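Let me begin by presenting the structure, written as structure tokens, before commenting on it.
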Amino acid sequence: MKNLRKAITAFMGIAIIGAILIVAGCGKSSSSSSTTQTQTYTVQKGTLSSTVSAVGTVSMPEQAKLTFGTGSSTSSLYTVKEINVSFGDTVKKGDVLAKIDTASLESTIAQAKADLRTAQLNLQQAASETTKLKAQATVESAEATLAVAEDALANAINPNSTDIAQAQAAVDNATANLAAAEQDLKDTQASLISDAEAAVRDAQLALDNAQRSLDTAQKNGDVSITDAENSLSDAEKAYNDFVPAAIGNYTNLSDYLSQKDRLSWNVQKAQANLDSAKSQAASSIATAKNNVTKAEETLQTAQENLAAMKADPTDIQQKQSAVATAKVTLDKAKENLAALQPGSTMVQQKRSAVATTKANLAQAQDDLAYIEAGYNTELLQIKVDNAQTTLDNANEQLEAATMVAPYDGVVAAVNAAVGDKVTATEEIIYLVNTSKVEIASSVDETDVAKVKAGQTAIVTFDAISGAGLKGTVGAISPVATSSSNVVTYSFSIEVQNTQGYDLKEGMTAAAEIYVLNKTDVLLVPTTAIKQRGTSYVVQVETSEGTIEQRVIQIGDTDGTYTEVTSGLSEGEKVVVQTSTKSSTSTSSKSSTKTPTGGFFVPGGDMGGGGGPPGGF
């Protein structure tokens, strides 16, 4: 940037002087000539720098779409328990942003632990000597079973007369037992049902008697109550008729009162008789009704017992079971007898049984060999490993149930609320690290060779006046992009937003990339260096005032100055040739010195003046 300002200053000085000379010479005849002059430059140390300009846009590479899982269980739904941030919040690395309910995850972990323990026990058991012994016992058992099956086949092929006679006797005995069981069933059914029917008849008779007793009690009660009501009515009439009519017929008040009291007592007695008749009638009727209810219950129980007896009584069930057992025994005896007859299918069945037991023996022998070779432990170890992986995944999912910020940043979106049902891979919070910024830019083919990864760049922004950040060049794309016959190569500049500028994605940025930046190096004007074959030489002024030619080694150059790596020392003077123009006119005459290579300010003195620009 300092080089740029010096160049602009020099250019403006040249322009002003040129304008003055042009104005001074207007309207007058003039003549000009060029002469070459030599001046000296004192070798000194300075900074050599050069920049390449680039324009790009702001991007923020650290952008996280945060979820509650690793994707191992995309179909399961979880309930959001906490959301601790909102859109636009600033968070720090490690802050808890959200949580989900972990009840189902904890259950999954418990099941995974149980599965892992089961797999481990199975592996331990398979690797033990006991397992091998069990497999050997299974082989021995299969061998014994095969021997029995082979004996049975031999007997089926060549039965003897004794076996046939025993089989016939078993059939006869089973036939007799079946007949006896069937008769016992019939007898039991007849006896039990007859008793149950008699109980129903007795209960019905008792109910009829109870009903008749109820009818009699109701009739007798009606008669007793009617007679008592009539007696009460007569007593009341006698009393009512006596009182007004007899009061004048008695000369003795005592006799009158005595007769009145007697009639009144008759009314009271009749009333008491009526109450007693009603009470006795009600009691008799209630007793009769209770007897009817009991008789009905007894009848219902008897009817139910009869129905149950007919349907499936316990005794009959037992007899029926005995009949069924006898039938099975008879069928088995017949089957055994038929098997001993020439041409029976028993031989084929025995052959099939032998084949089956042979297959079982072969399988048992294979299992024993498998265990002895240790193959079973390999498979069980795989199951243990799978169970451990399942448990690890479940633990990771539980850890992911608490969402934490992976870095400092700003919340760009919140896509869930407390109570929502979400999956493990569903985006919940969008977090952007605004402190880490990249500038997506490009460089044309004329400058691409100068730009290297790791170079320093100063970045400014159109939208933020005065903002400047230091950046580092990232990788340069090896693939070119061509547009309107202009070939460019994409690259990025990593910028740390340490100043906290309010940067946004997509902002336009300008970058000055320092493709050359060396400090404290010997510099000479590039125009002082001449090439002779493969060597570079300069003219050096000696302490005696003479000029000698010296071979030097050069390094980098910015065009105006060149680094000297050997052949010169600081303080020595080199010769620089410049061209001088002179002009004459009828009214005035002026001259100016213009250094070759654009190093000197017009009018300056070559004798050690000027000097290289400073570094940034």
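What the table below lists for this structure:
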quantity: Every residue from the stretch 522-559 that is buried (at least 17 other Cβ atoms within 10 Å of the Cβ) and touching a Leu at 6+ places or on another chain (Cβ under 9 Å); calculated: 522, 523, 524, 538, 540, 552, 558
quantity: Residue match in the stretch 525-538 (condition: over 41 Å from the mean Cα position of the chain (by Cα), under 18 Å from residue 55 (Cα atoms) and either at pLDDT below 95 or assigned to a strand (DSSP E or B) (or both)); calculated: no
quantity: For residue 575: the one exception among (1) out of contact with any helix residue (DSSP H, G or I) (no Cβ under 7 Å at 6 or more places or on another chain); (2) in a strand (DSSP E or B); calculated: (1)
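Conditions tested, residue by residue: (1) modelled with pLDDT under 70; (2) over 30 Å from residue 296 (Cβ atoms); (3) of a type in the set (Phe, Trp, Tyr).
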site	(1), (2), (3)
133	no, yes, no
137	no, yes, no
171	no, yes, no
187	yes, yes, no
195	no, no, no
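The values are calculated or read from the model by the stated rules, or taken from the named source; none is laboratory data. These figures come from a predicted structure and were not determined experimentally. Here Cβ is always computed from backbone atoms with ideal geometry, including for glycine, and neighbour counts include all displayed protein chains.
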